[in-house]
1. Suppose the chain between Ser370 and Gln396 were pulled fully straight at 0.36 nm per residue; how much longer would it get relative to their current alpha carbon spacing?
2. Label points 7 Å out from Cα along the Cβ direction at Glu283 and Leu3: separation in nm?
3. Between the stretch 116-192 and the stretch 225-297, what's the alpha-carbon centroid distance in Å?
4. What is the calculated FRET efficiency for Ala327 to Ser160, with r their C-beta to C-beta distance and R₀ = 30 Å, to the nearest 0.05?
5. At a Förster radius of 60 Å, what calculated FRET efficiency corresponds to the Cβ-Cβ distance of Val167 and Glu290, to the nearest 0.05?
6. Compute the angle between helix 282-295 and the longest alpha-carbon principal axis of the chain, please, reported from 0 to 90 degrees and rounded to the nearest 10.
7. When only alpha-carbon atoms count, how far does the stretch 1-140 stretch along each of its three principal axes, as whole angstroms with the largest first?
8. Beyond 15 Å, what share of the Cα-Cα pairs of the stretch 397-461 is found? Please give it as a whole percent.
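The values are calculated or read from the model by the stated rules, or taken from the named source; none is laboratory data. These numbers were taken from a predicted model, which means no experiment stands behind them. Here the Cβ is made from the backbone with ideal geometry for all residues, glycine too, and neighbour counts use every protein chain on show. Side chains included, ligands, DNA and RNA excluded: accessible areas come from the protein's heavy atoms. Shrake-Rupley method; radii C 1.70, N 1.55, O 1.52, S 1.80 Å.
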Amino acid sequence: MALPIKEYALIGDRRTAALVGSNGSVDWLCLPGFDSPASFAALLGTEENGFWRLAPTGSYQVRRRYIGASSALETTFTTAEGEITLTDVMPAGDGRADLVRILRGVRGRVQVAHAWVVRCDYGRILPWVRREEVAGERVITAVAGPDMLVLRGPRLPEASDHRHSDVFEVAEGDELVFATSWLPSYRPLGDLGALGAGVEETIAADEEWAQRCAADVPHRDIVVRSLQTLRLMTDAETGGIVAAPTTSLPEDFGGERNWDYRYCWLRDAALTISSLIRAGYAEEATLWREWLLRTVAGDPQDLQVLYGIDGRRRLGEYTLDDLPGYANSRPVRIGNAAVEQLQNDLLGEVLDALYLDRALGAEPDPNAWSLQRALVTELGKHWRDPDNGLWEIRGQARHFTHSRLMAWVAFDRVIRGVEEQGLDGPVEEWRTIREEIREAILKDGYDETRNTFVQHDATTEVDAALLMIPMMGFLPGDDPRVLGTIKAVEEDLMRDGLVLRYRTQSGVDGLTGDEHPFLACSFWLVAAYASAGRWDDANALFDRLVGLTNDVGLLSEEYDPVQDRMVGNFPQAFSHLALIHAAFALAGAAPSGAAPVKG
């Protein structure tokens, strides 16, 4: 069985990413891209579904860290006989997928077990494995269909029962470098280059990138780690940003709330870019803007909620019934049916990010502005339609208050583009629509009896997404209606001091089972407290949330405070970007690109 989620760390090359356990095991790696089939898939099954482990043979103590602010992971194993370190890096920019693992002897002598078990296509396919000589170097190759994995190192493990394993000693001063590389199986193997090439350059580039962070915020080290994590989930070539590098880590252990997040949600990507922009990373915003222009090109009516890393559209959902799932949580899903949903909120996040990019000095792009005009024109036709909302409910479509809020944001930001940034557009028409949306929110999305905004127009239930109202500038944080909404969220959605998205017992999402507090929602409450002037509450909650990161500063989607465990896909971009937004709110920076509107 896989480790607890908190025991994993993320490494990557900005084309794909791996999860490495505290036991030295790579239990998840999709090759060659984020949404490619996994060749190491023990995370969602057993060791028979593929893994790569280097660790002491007996009992040991372990501690981990990222090297400086880089994405290089260092695991230190201490045994009764000695101590070793294992450094895991995926060198960037070499045109192929490489995972390099460096064992170093620190003191004494440590016996190490090496196991390399490749199973392609999410652990289903047993590859054809053989030993070869390439440019004078002995290697092991594993081939299945289009995939070839090549294992290199000073000691190659022996085959037995469809596994490769070895045991050897590492003494003080020893350094052993191993690497697994992915290449297309249809290309002949040529010189693979120096073993471990690119490691130092990758660490140096990561450190240089982190030093550019302009954030003066509380818990800056965790904020920088969150920024680096978001960077690792951004494809360096296409600019696409995945919501998480994993699929089907459960929101409800043993239940059906298991989703594939290895795709680019417009909403999540836009919020990620907003976080990076605020921290001084304008180049990433440009890369994503170009991805956006390519991806949504065409008829605005064809706009989707999510896309593939390269912008592809067909992401139909299916299940892998031969995988038992993490902690026996089934089904394991590939693809995401949300691609077919209507979510009226997502343009608000996109246009807010593009507005902020311009407000902080980016040169306006005429093509990007033409696209924004076309998109808001289409939104003006259907913002009144019921939708599936931010939470991608699989129940009945509703008039969600958050969706209308973000539709208001979409029109507000293009209006400000004209008023503040010299762009052109039918601003009077946009003002009329913005006011219509505002009136609809205040009329249908607000419960006067309880003094709170509500999840949708046919309920008195609240939703944590309502905490976005002051963050997006719809109302100031000290407005009585905002204060009432914060109070309602505290009363209805707090579980052991953390915030649920909504009450699943309402049946709004059309699913069985329950879920745990959603970490992004708790960070939203931090920002809401700050906007309301409740600084002590804001700082106390932020400190607690930062304390929920694992030993290397990563967060999952949800957290179970009863069992003290991480829940959901990991690491989760939404959690990390919300952490960054909350940190800026505490630092006194406006949480949105626009000032609050009185009313």
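1. So the chain would gain 6.0 nm between Ser370 and Gln396.
2. Between Glu283 and Leu3, the label points sit 3.2 nm apart.
3. 31
4. 0.55
5. 0.75
6. 80
7. Sorted from largest, the Cα extents of the stretch 1-140 read 39, 37, 32 Å.
8. Cα-Cα pairs in the stretch 397-461 separated by more than 15 Å: 53 percent.
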